[in-house]
Amino acid sequence: MIQLSNISRQHGSQILFRDASCQILPGTHTGLVGPNGAGKTTVFRIIAGEEEPDSGEVILPKKTSIGYFSQDVGEMAGRSALEEVMATCGPTVQLAAEMKEMEAAMCLPQSDDEMAALLEGYGTAVEEFEHMEGYDLDSRAQAVLTGLGIGPDRYDHPVESFSGGWKMRIALASILTLKPDVLLLDEPTNHLDVESIIWLEEWLANEFKGSLLMTSHDRDFMNRVVTRVIEVANSTITTYGGNYDFYERERDIRREQLIASYNRQQEMLAKEEEFIARFAARASHAAQVQSRVKKIEKIERIEIPAEERTVRFSFTDPPRSGDDVAAFTELGKVWITPDGVEKPVFHGVTGMVKRLNKIAVVGVNGAGKSTFLKILAGQTESTTGSMTIGANVEIGYFSQHAMDLLDPGKTIFETMQDCMPLATIGTIRNLLGAFLFSGDTVEKRIENLSGGEKSRVVLATILARPVNFLILDEPTNHLDIRSREMLLETLKNFGGTIVLVSHDRHFLRLLVDRVFEVDHGEMRVYEGNYDYYLSKLHGTV
C-alpha cells in the first residue's frame with residue numbers, strides 16, 4: 001500500500017494541496033481527477049519519486065516497482081519498436097543474463113560450500129525473475145505492442161520512423177510490458193483508436209494484478225476500468241468509492257450537504273453576532289458577550305469551494321442547406337509518397353449525407369477516416385470518383401492542423417474578434433464563456449495555450465460563423481471531460497449537419513444517428529446510432 005499522509009505542495013504562489021492524505025490500495029484501480037492545474041501530475045510525480053512534497057510523509061513499501069507513463073515520452077532512437085519496449089525491462093533482462101551465468105557456473109567443479117551459496121543465490125534470482133514474470137517477457141512485449149496497434153510487421157521498424165502518436169503507443173507498451181507493482185498512467189488513451197482502447201481496458205482488467213492510478217479524459221474508459229476515484233481540487237485530496245459516474249453523483253451530493261451545513265452555520269453565526277452587537281455595551285451582559293465572542297472565534301468556518309460555472313450561449317440557427325448535403329460516388333484516394341510510391345487509402349466509397357444527419361466516421365487507425373473528411377471538406381481532391389456538395393452548404397472544418405493556423409501573438413479575445421468583427425464585446429465574451437474561457441483568461445496569448453485550450457478556440461471560431469455543415473476530425477483530442485461535455489451539448493443543439501471522427505465512445509453514443517465505417521478500403525453505412533453500429537459489429541462494447 002502507498003500512503004500520502006498530510007502532504008502539502010505549493011508551486012510559486014499557488015497552493016495545490018494542504019495537509020492532504022490518500023492511499024493507493026493493493027490491487028485497486030483508481031482514477032485521478034480534478035481541474036487542469038489542480039495538481040494531478042504533481043501527485044503522480046510525488047508517488048514516482050520525481051518530486052518531493054513541501055511537508056508530509058510518503059509511505060512506500062520497499063522493493064515496490066513503479067511504472068509511470070506520462071505524455072512526455074522523451075527521445076527514442078537507435079532501436080526497433082520491440083527493442084525499445086524490451087529496453088524498459090532492463091532489470092529483468094539483466095537478471096536473466098545473471099541466471100545464465102549462474103547456470104554455467106553450476107557445471108564447474110567447486111566446493112560444497114561454494115555450490116550451496118551458488119544454489120541459494122540462484123534460487124533467490126529465480127524467485128525474483130518469476131515475480132517479474134520474466135519467463136514470458138518476449139511474448140508479453142509482442143502481445144502488448146500488437147494490442148496497441150503495432151503488429152508483427154512493424155516490430156523491427158526503427159522507432160525514428162514512427163510519428164509522435166505512435167511513439168506514445170511504444171512508450172505505453174513499454175510500461176505495460178514491465179508489469180510493475182504500481183502503474184501510473186497519465187492520459188493513456190490519448191492517440192489510441194477505439195480498438196486499442198478496448199484492448200487496453202481488457203488488459204487492465206484481466207492481465208494486470210497490481211495497483212493502478214490513472215487520469216483519462218475518456219469517460220467510458222474511466223467507468224469501465226476504475227473502482228475508486230481520488231479527486232485533487234480546492235487545495236485538498238478527496239477519495240470516493242465507485243467509478244467516474246458514481247464520483248460525479250457523490251460529489252454533487254456532498255456539495256449539497258456542505259452548502260446546507262454552511263447555511264446552518266451562517267444562521268448560527270448571525271444570531272451570535274447579533275447578540276454580541278446588541279449587548280456589547282451592557283455591563284450586565286459582559287460575561288455572556290465575552291463567552292460568545294470566544295465561542296465563535298473557535299468555530300472552524302465552513303468554506304464553499306468555488307463552483308465551475310458553465311455559460312450557456314445561444315448560437316443563431318445556421319442558414320438552411322439543401323436536403324442533400326453531400327453525395328459521393330465511387331470515391332477513391334491514392335497518396336503518392338515523397339519517393340514516388342503509390343499508397344492506396346480507400347476505393348469505391350459511395351454514400352449520401354442528408355441535412356441534419358449527425359454521422360460518425362469510424363475505422364482503425366490508417367483506414368482513411370481523416371482523408372475522407374479532407375475530401376468532404378474540399379481540403380484535397382479524390383483520385384477517382386466524384387463528389388457533389390449540395391445547395392447553400394456552408395462548411396466548417398476542424399482538424400488538428402487547424403490549431404497550427406492560429407496567430408500565436410494574438411489573444412483569445414482578439415482571435416474571436418477577428419472572426420466576429422461586428423459583434424459586441426459582451427457577445428464575444430459570452431461565446432468564449434460557453435467554451436470555458438472567462439475573466440482574464442480571454443487575454444491569454446495563443447502561444448501560451450495548452451492543446452485543449454487551442455482546440456476550444458478553433459471550435460469557437462468555427463461555430464461563431466454561419467456554417468451549416470460541420471466536418472470535425474478528432475475534436476475531442478486534448479479536451480478534458482468537462483470540455484467534452486460542453487462540446488457535446490453544443491453539437492447536440494447545433495441546427496445543421498455534422499460528420500465527425502472521434503475515439504470517445506461516450507461522445508459518439510450521445511450524439512450520432514448514423515455511422516460510416518471505413519474498413520479495408522471500403523465503406524459500410526449503418527442506418528442507426530453508435531450503439532446500433534456496435535451491436536451489428538460485435539455486440540455492445
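The numbers here are math on the coordinates, done by the rules we state, and not lab data. Not measured: the values here are computed from a predicted model. Cβ: placed from backbone, ideal geometry, glycine included. Neighbour counts: every protein chain shown.
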Fill in the blank from the handout: By the Cα gyration tensor axes a ≥ b ≥ c (a/c under 1.5 gives rounded; else a/b larger than b/c gives prolate, otherwise oblate), the shape of segment 494-541 is oblate
Handout entry: Two-site FRET efficiency, Ser8 against Asp519, from Cβ-Cβ distance with R₀ of 60 Å, rounded to 0.05
Key = 0.70
Exercise for the section: For segment 246-298, give the magnitude of the charge dipole about the Cα centre (Cβ charges: +1 Lys/Arg, -1 Asp/Glu; no others), in debye to the nearest 20. Expected result: 260 debye
Exercise for the section: May I ask for the distance between the Cα centers of segment 321-347 and segment 282-302, given as a whole number of Å? Expected result: 79 Å
Practice task
Report, in whole Å, the centroid distance computed from the Cα atoms of segment 208-279 and segment 440-513.
Solution key: 28 Å
Problem - Normalised alpha carbon radius of gyration of segment 246-298 [divisor 2.2 N^0.38 Å] - result: 1.68
Problem - Gyration tensor (Cα) of segment 324-538, equivalent ellipsoid semi-axes in angstrom - result: 31, 19, 17
Completion exercise
Put in order of increasing Cβ neighbours within 10 Å, starting from the fewest, Asp181, Asp113 give Asp113, Asp181
Handout entry: log10 of Debye I(q)/I(0), alpha-carbon scatterers only, for the chain at 0.09 Å⁻¹
Key = -0.82
Handout entry: Neighbour net charge for Val518 - beta-carbon separation under 10 angstrom, K R +1, D E -1
Key = -1
Completion exercise
As a Kirkwood estimate from alpha-carbon pairs, segment 265-390 has a hydrodynamic radius in angstrom of 21.7 Å
Practice task
Using only the Cα atoms of segment 46-161, construct the convex hull and provide its projected area averaged over every direction, in square nanometres to one decimal.
Solution key: 11.1 nm²
Problem - Sparsely packed trypsin sites (Lys or Arg not before Pro) within segment 240-311, loop by DSSP, other Cβ within 10 Å at most 12 - result: Arg282, Arg301, Arg309
Fill in the blank from the handout: Percent antiparallel among DSSP beta bridges confined to the chain, rounded to 5, stands at 55 percent
Handout entry: Charge sum, other residues only, whose C-beta stays under 14 Å from Gly27's C-beta, Lys/Arg counted +1 and Asp/Glu -1
Key = +1
Problem - Relative contact order %, segment 2-88, counting alpha carbon pairs below 8 Å whose residues are six or more apart - result: 32 percent
Handout entry: Relative contact order %, the chain, counting alpha carbon pairs below 8 Å whose residues are six or more apart
Key = 14 percent
Completion exercise
Exposure proxy check on His347, His191, His520: fewest-to-most Cβ neighbours within 10 Å is His520, His347, His191
Completion exercise
Output for segment 482-541: GluC sites (Glu not before Pro) sitting in coil per DSSP, at most 14 other Cβ within 10 Å, listed by number, reads Glu527
Completion exercise
For the chain, whose charge dipole is built from +1 on Lys and Arg Cβ atoms and -1 on Asp and Glu Cβ atoms, the candidate among Val58, Leu463, Val226 with its Cα farthest towards the positive end is Leu463
Exercise for the section: Only Lys, Arg, Asp and Glu count, each charged at its Cβ (+1, +1, -1, -1), so figure out the dipole size of the chain about its Cα centre, rounded to 20 debye. Expected result: 2880 debye
Practice task
Convert 37 °C to kelvin, take the viscosity as 0.692 mPa s, use the Kirkwood radius over C-alpha pairs of segment 105-174 as Rh, and evaluate the Stokes-Einstein diffusion coefficient in µm²/s, rounded to a whole number.
Solution key: 217 µm²/s
Fill in the blank from the handout: Phi angles of segment 342-350, converted by Karplus (6.51 cos²θ - 1.76 cosθ + 1.60, θ = phi - 60°) into ³J(HN,Hα) in whole Hz with x for Gly and Pro, give 6, 10, x, 10, 8, 8, x, 7, 10
Practice task
Give a quick list of chymotrypsin sites (Phe, Trp or Tyr not before Pro) in segment 350-432 that DSSP marks as loop, anything other than H, G, I, E or B, with at most 11 other Cβ atoms within 10 Å.
Solution key: none
Handout entry: Likely footprinting exposure, Arg45, Arg320, Arg456, fewest C-beta neighbours within 10 Å first
Key = Arg320, Arg45, Arg456
